[in-house]
Every structure is written in structure tokens, then in C-alpha cells.
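The values are calculated or read from the model by the stated rules, or taken from the named source; none is laboratory data. Remember, predicted model here, so these are calculated numbers, not experimental data. With ideal geometry, Cβ positions are generated from the backbone for all residues, glycine too; neighbour counts draw on all protein chains shown.
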Amino acid sequence: MCTHYFVFLYTFQLTAHTEKHRFGRRNLLGSTTISLRDLTVGGNTYTRPLYPNLPKDLGRLRLVLCYHREKRRLLVTVVRATNLPSRVIPADSYVVVELRGSDNEVLAQVRTKERHFSNNPVYKEVFSFDLPSRPIEDWDFTNIQHPLDNVSLTITVHRRKLFFGDDTIGCVTLRSEVRTNGYSHLWKCKRSPYQPITEWHDLKSVSKFIT
């Protein structure tokens, strides 16, 4: 219990500098972070991008995914967010969930109700998505794909504003894939149908988000 809690909380900050020049100063090359929960046991090598400034902490989002194989349906539960950034007062926020196809086309879009004056809002809303099926004439029996391999989820947290449109706080994109640091949330969902899979996700800037 203590070990899991430790891994969940702690993040390493790594900073790269040039060697000291004749005036005794070092120039900052960039910084990056890596969470203990992303590390695996063993002598593994990790590659992380260097940022001129550390990326801003945009908060985290807790999601539950459950795949119903017979109905070809994906249930997405938006549970809560934590540590959302605020300017003066805690944000009014809501979450938009999009199901996208293999060509990145939006197949379905839903949103939660607004939560007011909280940087740690609790949503607890469940959404159901019917996964697209391919026409039988398009089937390739030599390469049969799982329904979750042809879709992705984009979950975006928005800050409500009275004027000039709402702000985007950050987003998460989920795909069914195996990554160097483990299995993705959607991949685990694919491997364990009918079983709710819960994970926390770091919110990323929309302009810099790469999956």
C-alpha cells in the first residue's frame, strides 16, 4: 500500500545545463520530468524531450473504461479531475469526450455537466459509445482487427467563461497500443472485456499534445 502510494505521487525533475564557461556560469539547455509510475523494473533506457521551460502542470483526469464485446460498445466514465489550474478563483469546468475513427473523424461527441468553483471537480458521468462496424465486403480475413483498434478517444477539459468563449485546460488521447513504458488504457480494456479498468491520466496542452 505504501509503495503504491509513493509511486503514484512522486515525479523526478531532470535539468540539463552546459558546462561552466570562463565566467563561471552554466546555461540552461532544458528540463523534463518523469513520473515514477511510468518506470518499469530493470535497466531500461528512456528518452524524454527537453523543454526550454518545464511544461505547466495542467492537472489529472480519472477515467474508467469498460468494453462490452457482444454489443460492440465502449463505456466511458469520467470520474474526476484534480489540480486543475486556476487564475483567480477555482474554475467552472466540464469535460468533452469524442470517439474518433481511424481517419480521425469525430464519430460521436458528448459532454459532462458543469462543475462550479472547484479545481478538483467530481463528475461521475457514464457515456456509452457504439463502435463502428465495417461492411462485410471490406473485411480482410488475413488481418482481422479488434474494434478498438480502429478508434481513439479524445477527452478534453474546458474552463467555462462568461465572455469570448470557453478555454481549453488540457486533453488526453487514448489509443489501443502497446507503449515502451507499458500498455495503454484502451489496450487493457481490449484485453479484459466486461471488466472496468480505472486509470489516472495527465492532462496535456492541446497545442503540444503528441500521441
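Can you tell me which condition VAL96 does not meet? The list is (1) at pLDDT below 95; (2) surrounded by 15 or more Cβ atoms within 10 Å (Cβ to Cβ), and all the others hold.
(1)
Since VAL96 meets every condition but one in (1) within 18 Å of THR154 (Cα to Cα); (2) touching a Phe, Trp or Tyr at 6+ places or on another chain (Cβ under 7 Å), which condition does it not meet?
Going through (1) within 18 Å of THR154 (Cα to Cα); (2) touching a Phe, Trp or Tyr at 6+ places or on another chain (Cβ under 7 Å) one by one, VAL96 breaks only (2).
I'd like the residue in the stretch 109-148 that is at pLDDT 95 or above and buried (at least 17 other Cβ atoms within 10 Å of the Cβ) and, out of all such residues, is farthest from ARG160 (Cα to Cα).
Result: PHE129.
Within the set of pairs 6 or more residues apart or between chains, which connect a residue that is without any contact (Cβ under 8 Å) to a residue 60 or more places away in the chain inside the stretch 65-81 to a residue that is crowded, with 17+ Cβ neighbours inside 10 Å and among the small types (Gly, Ala, Ser) with Cβ atoms less than 9 Å apart?
none
How about the stretch 107-130: which of its residues are of a type in the set (Asp, Glu) and more than 19 Å from ARG62 (Cβ to Cβ)?
The one that is of a type in the set (Asp, Glu) and more than 19 Å from ARG62 (Cβ to Cβ): ASP130.
Collect the residues in the stretch 39-60 that are in contact with a Lys or Arg (Cβ under 8 Å, 6 or more places away or on another chain) and modelled with pLDDT of 70 or more, keeping them in residue-number order.
Scanning the stretch 39-60 gives a single hit, LEU58.
Could you grab me the full set of residues in the stretch 173-182 that are at pLDDT 90 or above and out of contact with any helix residue (DSSP H, G or I) (no Cβ under 9 Å at 6 or more places or on another chain)?
Residue satisfying the conditions is THR173 alone.
For the stretch 59-74, which residues satisfy the criterion of being more than 14 Å from VAL172 (Cβ to Cβ) and buried (at least 17 other Cβ atoms within 10 Å of the Cβ)?
The answer is CYS66, TYR67, LEU74.
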